[in-house]
1. So for Lys334, Lys124, Lys86, fewest C-beta neighbours within 10 Å to most, what's the order?
2. Note down the relative contact order for the stretch 83-229 as a percent, whole number, built from C-alpha pairs under 8 angstrom at least six residues apart.
3. Starting with the fewest neighbours, write out Ile343, Ile123, Ile430 ranked by other beta-carbon atoms found within 10 Å of each beta-carbon.
4. DSSP loop (so not H, G, I, E, B), at most 13 other Cβ within 10 Å: list which chymotrypsin sites (Phe, Trp or Tyr not before Pro) in the stretch 238-346 pass both filters.
5. Relative contact order for the stretch 430-523: what is it in percent, counting Cα pairs under 8 Å that are at least 6 residues apart?
6. Hey, if you put +1 on the Cβ of every Lys and Arg and -1 on every Asp and Glu Cβ in the chain, which of Ser289, Ser315, Thr149 ends up farthest toward the positive end of that dipole?
7. All other residues with a Cβ under 14 Å from the Cβ of Ser259 taken together, and with Lys, Arg as +1 and Asp, Glu as -1, what is their net charge?
8. List the trypsin sites (Lys or Arg not before Pro) within the stretch 215-316 that DSSP assigns to loop and that have no more than 10 neighbouring Cβ atoms inside 10 Å.
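What follows draws every value from the coordinates through simple rules; no lab data is involved. These figures come from a predicted structure and were not determined experimentally. Note: ideal-geometry Cβ built from the backbone for every residue, glycine included; neighbour counts use all protein chains shown.
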Amino acid sequence: MPNDPQATIPAAQATWPRRSVLKAGAVAVGAGLLGRFADAASSGLSAADYQGLDAWAMAEAVRAGSLSGEELLAAALARCALVNPKVAAVNMLHEDYAKAALARQRSAGTSTQGALAGVPILIKDLNTYLQGTLTSNGSRLFRDAPPATFTSTLVSRYEQAGAVPFGKTTCPEFGLTTTTESLLWGQTRNPWNLGVSAGGSSGGAASAVAAGIVPVAHATDGGGSIRIPASYCGLVGLKPSRYRTPSGPAHYEGWFGASVAHVVSRSVRDTALFLDAGQGHEAGSAYWSAPLARPYVEELRRDPGTLRVAVVRQSLTGAPLDAAVAATLEQTIKQLLALGHEIEDLQLPVDPRELFGAHGAVIGTALLNLVQEREQALGRAATAQDLEQVTQVVLERAKAINGVGMYQARQRFERIGAAMEQPFQRFDVILSPVTANLTPALGQLSLDQPWDSYAQRAMGSAAFTVLANVSGQPSVSLPLGQSDSGLPVGMLFTARLGGEDVLLRLASQLEQAHPWAGRRAVV
């Protein structure tokens with residue numbers, strides 16, 4: 001493995017001091033890994049066998065003693081070495097951390113225990129912490145940030161259930177856009193087509209899963225950042241209800257609860273499995289969503305019954321649907337009807353200007369606070385060498401928002417949440433596309449461009465997802481279609497607040513009726 005993190009960062013960052021990564025216990029991932037882990041096949045787990053296992057199957061095999069966490073980690077590292085130079089999904093490896101965790105499990109006699117026993121996972125490099133390692137937030141402003149002194153509660157819960165974090169995935173600067181491109185880490189590519197975006201802001205997570213590096217990757221969603229990459233990369237992506245999963249202990253809520261953490265996965269059962277492992281009240285938090293009386297994995301065996309499904313065809317941004325997206329929506333409606341569900345069109349009871357205005361105000365002020373805290377730590381002001389063009393505009397606009405403006409934004413969140421409860425007096429689920437368009441070419445949605453061109457291009461990707469973030473309702477993207485060119489197309493299902501059980505039952509039914517496990521990207 002090369003010791004120089006400059007090997008895989010953009011040329012523009014050639015002055016990044018080596019110590020900034022190494023002191024945090026992280027190493028940038030490059031092609032040099034391939035030789036080091038070329039002997040992974042000697043573990044007895046072939047590359048094909050590894051990629052054929054979801055997290056559920058991996059954990060079952062570890063508990064049965066037919067596989068070990070060490071074998072799974074070696075296979076994950078080998079796959080990462082092979083494909084990551086092509087997709088740039090993983091920006092840091094924490095191999096020593098993972099090996100130490102496995103050693104502790106074995107010493108404690110817990111290596112074959114837990115719902116996630118031995119499962120290798122990756123953590124999104126955004127506002128999520130792994131003790132002793134760097135979190136860059138995709139920004140040059142944080143490239144020399146000190147290593148974390150604690151591990152985020154959600155990651156700790158995954159570890160307690162037996163999962164093994166071994167690295168971090170890329171995100172755009174501060175998660176501000178629906179692609180995963182940054183001046184710090186470069187362009188993350190979609191395994192289905194290396195010339196197009198993997199989505200954002202959890203594009204690194206989605207690219208890593210679609211490329212077969214891991215079966216599941218941690219992700220966050222403040223405006224569609226789980227569901228958009230899941231749609232673009234052919235995966236399952238559930239944004240849970242507001243406060244379903246913990247966000248602390250650094251901050252107990254993200255963006256007034258609009259931002260929620262979970263995972264992207266290939267199978268519905270993995271999504272349910274990780275939701276069971278991660279959900280629940282976090283000590284210190286004033287808010288939480290009460291769990292169901294039974295585990296979410298049990299919902300997968302329950303018949304959803306006849307559901308009343310409302311269909312939303314018009315995007316909130318006014319962006320027209322691409323032909324492949326419109327065709328997938330019609331195919332999904334036919335599939336639902338064939339399964340016995342009832343369908344009716346719906347006009348959303350929401351003013352888009354109020355929705356996007358409130359959402360933007362909250363994001364901007366949260367970002368301004370984060371940047372100002374970092375400036376205080378650095379003892380200097382952030383400059384254009386630290387922040388990308390669109391980020392700078394967001395910050396400038398946020399400076400004009402006062403306390404009254406923020407209070408009004410919070411009130412709008414509440415009004416929109418109340419309005420979005422109304423349709424669920426008649427319907428069980430709302431169906432819509434995830435995005436209005438297919439995944440764009442790399443470069444179109446990067447933050448390193450003038451604001452006007454960025455805002456215009458973002459209309460298609462932000463067309464449907466933001467609403468559930470503001471209303472707080474659970475929402476899942478399912479890989480139900482494909483364009484003529486072979487790009488995945490996801491469909492979005494949203495339920496009432498706390499209705500993950502309904503979504504999981506329906507998702508499991510659709511997964512059986514419309515299997516997608518056999519559709520894999522070839523990198």
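1. Working: Lys334 11, Lys124 27, Lys86 14.
Arranged by neighbour count, lowest to highest, Lys334, Lys124, Lys86 become Lys334, Lys86, Lys124.
2. Working: 330 pairs, mean separation 41.3, N = 147.
Normalised by residue count, the contact order of the stretch 83-229 is 28 percent.
3. Values: Ile343 16, Ile123 27, Ile430 24.
Placing the least packed residue first, the sequence is Ile343, Ile430, Ile123.
4. Details: sites: Tyr243, Tyr252, Trp255, Phe256, Phe274, Tyr287, Trp288, Tyr296; in loops: Tyr243, Tyr252, Tyr287, Trp288.
Sparse-neighbourhood loop chymotrypsin sites (Phe, Trp or Tyr not before Pro): Tyr287.
5. On the way: 104 pairs, mean separation 26.7, N = 94.
Rounded, it is 28 percent for the stretch 430-523.
6. Selected residue: Thr149.
7. Working: positive: Lys124, Arg227, Lys239, Arg242, Arg244; negative: Asp221, Glu253.
Overall, the nearby charge balance is +3.
8. Details: sites: Arg227, Arg242, Arg244, Arg266, Arg269, Arg301, Arg302, Arg308, Arg313; in loops: Arg242, Arg244, Arg266, Arg301, Arg302, Arg313.
Here the trypsin sites (Lys or Arg not before Pro) that fit, given the DSSP loop and packing criteria, are Arg301.
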